[in-house]
Amino acid sequence: MTNQIGPLRRAITLILGITAAFAGAEALAADASSAPALDEIIVTAQKRSENLQDVPISVVAISAQQIKDAGITDIRNLAILTPGLTVTSEGNEAITTARIRGIGTVGDNPGLESSVGVNIDGVYRPRNGVAFGDLGEIEQIEVLYGPQGELFGKNNDAGVINVTTKRPSNTFGAMAEVTGGNFNDREFRTSVTGPLSDIMAGRMYVGYQQNSGYLQVVNGVGPSEQNNTNDRKAYNARGQLLITPSDDVDFLLIADYAKRNESCCSAVVEYPGPFQGLVNVFASNPLLGGKPGGLGNSPLIGQPGVTRLPNSYVAYDNQVIKQNVRDMGISGELNWNVGFGKLTSITAWRDNTVAGGNDVDYTGIDLLSFPDDGNANSTDFKQFSEELRLAGKAGSLNWLVGGFFNNEILSTRTLGAIGNQFETYVSAVASASIGRPFNPLLISQLTGDAPGTTFFGTGYNDDYQQTARSFALFTNETWNITQGLDLTVGLRGTEEKKTATASYNSKGGGPGCSALLQHAPLLFTNPPLGINGTNAQAFILGYGCFTGLDPEFTGKGFDQSNTENNLSGTVKLSYRFNEEVMTYISGANGYKAGGFNLSRVTNAPSAADPIGLSPNLNTGFPRETVESFEAGIKTTLFDRTLRLNAAAFYQKYTDFQLNTFTGIQFVVTSLNKVVSKGVAVDFAWATPISGLTIAGGVTQDLTNIDNFGNALPDFCGGPGNGCTARDNNRLSFAPLWSGALSASYLIPFGTLGLRTSVEEKYNSSYNTGSDLDPRKIQQGFGLLNARIGFGALDESWAIEAWGANLADKYYYAVAFDSPFQFDTISSYLGAPRTFGLTARVKFK
């Protein structure tokens, strides 16, 4: 336990140090009655404006000031202030996954939808990745814990992140800020707002960010000449027009556009496999396509005693890593007081496109790549949505009814190109696996082809399209039974139809694998076993006939459809004892829609297909459902200087959707039963020291796989899975303990002020791999951020120094099985220490 709370203790020490330095020890004895009261927080967790302390839901609300102090610009760095929330990015930053209380969806398969819903200005974003990016000027962020399907719809069975940006003002205002930092970070943001007429006001925001990336790149055999990756080059603009023709009607029009041209993301080897040294042999030997002195991976690989490589921010990629993202949308929100209630309509259209290329094997040798060739490797996501609701009050009843329509079109293309060294590398690995000197000519000797020609020019080029259309009707009624006692009942009925098509295309019809199969009798003559029971035949056929080269996919595809109907609901009973204390109990259910695995998948080996090459053309997976129970207490104490909330929760998931990368293909399975249970506490304290506010929270959460069902073989220690047995059955990315602590301190000097802020987020150890391989465990760690600024109290100007990950913690974002590198674990890394200066001016 000491190790778990150590980072939080350090943060507290820093906060107290700041306090003592500026305020003096005598301030600690100040009377609590002299402290300013905490501001009331209004949230829309139940689609109506309510005081946070009156809402029978576990909610963390983050104000505009907290957002500015913590430097939050997008969903990914929101986690620093939110216990129980993790946000990770993988092969590119469009693959972003949010998890609440250990529950979320692995984001690297576009066929799976998010378990954590993201709403920005009332518009639902069906994938976390399309919600990633600079959010502009943020007014407030609400994180709702637990299933929220009754009001927020499908795919919110873990929780909701509800973002509200600043609306246009009828008073003129303008802001500009510039930032410079390490890794050549350069940022610029500006906005202007004000009246346009008696009934119209507008707001315009423009942002730009660029940095050189924190991963160095060694190019190996080329042709890439990139020196760095994981960089940032982003532009975005957001315009709003507010029309208020009368006191009863307002209409808000929002249009936004964002573009990112970046190199993201590469990975580094953490645990090299037994044949990983061959990568450097191929990188440095000109006879094998290498360059004298070339490196395909860390030079430490293969040295005696090296089982895990030292921490390193050096990646090895011979192919260009590039990502082009375009995201844009328009929405209109109408609010109309019709006398007996308020009518709200939110209409939105969005289009998100990601295209680029990647070095799929993450080595400096030429094995497999996704070329940057226009839209050859791309995903395009179009969405139209309409939400209509009517809310009002009749006596002791607060009522709400509504409807929701959503139409999505997802198109994705994948072009995989086999590299020039693939054949000789697979030959060398296969021969080395049986203890013989590596033989790069093994495949050509088996097939009779000229060396290097069996797989030359081969690969695959697949197209997928998925459509989803859903309708929903919902209601939420709160009845004030008696003074202080409220009963809330909500229902939502949803119908959704999905269709998915795929077209598989193999270059040349998969000739490399066909040649190997033609000479299969030679492969199965006296098969000697190698390391971990793996033999040469398994490597040659496993790599040479992986799904991208499998000839049985050639010219095939699928056309699937599924229609689902679901009824979800909630019941909440709350009682307010007095102005200071409210308690509640609640029960809810929810669901995440079923779908289709949009990648090549083969059937399991059988007597008729002993190698397991036949395509699985039925890639559907069922809906995921959840039953949830929660009991909580919300308190506002000591003359409204302390807000202290706590909740105990139990969430049971059935058919939990799990996406796993095996090193060769993506497999989607359903876990029969996953349970998330625990307690959560959060607080905000306006201390007796004038200007010092402390906030934070702790979540203790055991998210466990109680029943693997048919998915057990996909986990380490399961039957047929050769990786080291898992340590436990905790779901990936589910730390047992998660804590966040922040403090801000404003010290006035006449018309000027010094403002400091410190934030630390701590997670105990958790596994970052879906298969729970112990080598993918990220040990417990804390991220420490801080900011100190000096400027005018009226905010007309300020200069700030800031830092993130100040302790320079090295940590996995995601660890995974390295493609075509037996028993090798690589990882996408979190950012190292960053720091810089920001200058800001404001006019009003």
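The values are calculated or read from the model by the stated rules, or taken from the named source; none is laboratory data. Worth saying up front: this structure is predicted, and the values here are computed from it rather than measured. Glycine gets a Cβ as well: all are built from the backbone with ideal geometry, and neighbour counts include every protein chain shown. In case anyone asks, the SASA skips ligands and DNA or RNA and just uses the protein heavy atoms, side chains included. Shrake-Rupley method; radii C 1.70, N 1.55, O 1.52, S 1.80 Å.
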Open item on the list: Per residue, how big is the convex hull of segment 224-298 when only Cα atoms are used? Give it in Å³.
Closed with: 147
Task: Using a Förster distance of 45 Å, the FRET efficiency for Ile409-Leu441 (Cβ separation, nearest 0.05) - done: 0.40
Task: Rough spin-label spacing in nm, given labels placed 7 Å along Cα→Cβ, for Leu754 and Trp797 - done: 1.9
Open item on the list: So, R0 is 30 Å and r is the distance between the beta-carbons of Asn170 and Val571; what FRET efficiency does that work out to, to 0.05?
Closed with: 0.10
Task: ³J(HN,Hα), Karplus 6.51/-1.76/1.60, whole Hz, each residue of segment 288-303, x for Gly, Pro - done: 10, x, x, 10, x, x, x, 10, x, 6, 3, x, 7, 5, x, 6
Task: Dipole moment magnitude, nearest 20 debye, the chain about Cα centre, only Lys, Arg, Asp, Glu C-beta charged - done: 480
- [ ] Mind checking the full-extension length gain between Asn420 and Glu225? Use 0.36 nm per residue of separation minus the Cα-Cα distance, one decimal, nm.
- [x] 68.4 nm
TODO: Give the ranking of Leu671, Leu517 by solvent-accessible surface, highest area first, calculated with a 1.4 Å probe.
DONE: Leu517, Leu671
- [ ] Kindly express, to the nearest 10 degrees and within the range 0 to 90, the angle between helix 422-432's C-alpha long axis and the longest C-alpha principal axis of the chain.
- [x] 70
- [ ] Work out the charge dipole of segment 188-335 with +1 on the Cβ of Lys and Arg and -1 on the Cβ of Asp and Glu about the Cα centre, then indicate which of Leu215, Thr190, Phe282 is farthest towards its positive end.
- [x] Phe282
TODO: Let me know the shape class of segment 53-186, please: from the alpha-carbon gyration tensor, a ≥ b ≥ c as square roots of the eigenvalues, rounded when a/c is under 1.5, otherwise prolate if a/b is greater than b/c, or oblate.
DONE: oblate
TODO: Return one whole number: the accessible area per residue of the chain in Å², for a 1.4 Å probe.
DONE: 38
Open item on the list: Under 8 Å for C-alpha pairs, at least 6 residues apart: give me the relative contact order for segment 805-844, rounded to a whole percent.
Closed with: 42
Open item on the list: Cut-off under 19 Å on the C-alpha distance; same-chain residues fewer than 8 positions from Lys322 excluded. Which lysines are left, in chain and number order?
Closed with: Lys233, Lys259
Open item on the list: Give me the percent relative contact order of segment 701-758, please, defined on Cα pairs under 8 angstrom at least 6 residues apart.
Closed with: 27
- [ ] Can you tell me the 0 to 90 degree angle between the C-alpha axis of helix 2-23 and the longest principal axis of the chain, rounded to 10?
- [x] 40
TODO: May I ask you to give the average projected area over all directions of the convex hull of the Cα atoms of segment 531-640, in nm² rounded to one decimal?
DONE: 14.5
TODO: State the percentage of accessible surface on the chain attributable to carbon and sulfur atoms; use a 1.4 Å probe and exclude ligands, DNA and RNA.
DONE: 58
Open item on the list: So if each residue of separation counts as 0.36 nm, and I subtract the Cα-Cα distance between Ala64 and Trp349, what length gain in nm does that give?
Closed with: 99.9 nm
Task: Using a Förster distance of 51 Å, the FRET efficiency for Asp54-Lys556 (Cβ separation, nearest 0.05) - done: 0.35
TODO: Just name one of Ala839, Asn729, Gly803: the one whose Cα is farthest towards the positive end of the charge dipole of segment 693-842 (beta-carbon charges, Lys/Arg +1, Asp/Glu -1).
DONE: Ala839
- [ ] Note down the nm distance, to one decimal, between modelled labels 7 Å out along Cα→Cβ at Asp463 and at Asn729.
- [x] 4.5
Open item on the list: If each residue of separation counts as 0.36 nm, what is the full-extension length gain between Gln779 and Asp247 once their alpha-carbon separation is subtracted?
Closed with: 186.0 nm
Open item on the list: How many angstrom lie between the Cα centre of segment 421-458 and the Cα centre of segment 119-192?
Closed with: 51
- [ ] Would you tell me the accessible area of Lys497, worked out with a 1.4 angstrom probe on the heavy atoms of the protein chains, in Å² to the nearest 10?
- [x] 110
Open item on the list: Using the Cα atoms of segment 577-621, I'd like the radius of gyration and the largest Cα-Cα distance, Dmax, both in angstrom.
Closed with: 23.8, 72
Task: Mean ellipticity per residue at 222 nm, deg cm²/dmol - from DSSP H runs of n ≥ 4 across the chain, formula -39500 (n - 2.57) - done: -2500 deg cm²/dmol
Task: All lysines inside 17 Å of Lys497 as judged from Cα atoms, apart from same-chain residues fewer than 8 positions distant - done: Lys154, Lys382, Lys592
Task: Gyration tensor (alpha-carbon) shape descriptor, segment 137-234, a/c threshold 1.5 - done: oblate
Task: Exposure of Lys507 as accessible area (Å², to 10), given a probe of 1.4 Å and all protein chains - done: 80
Open item on the list: Given a 1.4 Å probe and heavy atoms of the protein chains only, how would you sort Phe790, Phe405, Phe340, largest accessible area at the top?
Closed with: Phe340, Phe790, Phe405
Task: Mean Cα-pair separation over length for the chain, i.e. relative contact order, pairs under 8 Å, 6 or more apart, % - done: 13
TODO: For Phe708, tell me the accessible area in Å² from a 1.4 Å probe, rounded to the nearest 10.
DONE: 20
Task: Approximate spin-label separation Asn618-Leu388, in nm, with each point projected 7 Å along Cα-to-Cβ - done: 4.0
- [ ] Go through Gln46, Gly133, Ala79 and say which Cα lies farthest out towards the positive end of the charge dipole of segment 39-138; charges sit on Cβ, +1 for Lys and Arg, -1 for Asp and Glu.
- [x] Gln46
Open item on the list: Students sometimes get this wrong: rank Met328, Met582 by accessible area, probe 1.4 Å, all chains present, largest first.
Closed with: Met328, Met582
TODO: Alpha carbons only, please: Rg and Dmax for segment 408-476, in angstrom.
DONE: 22.3, 71
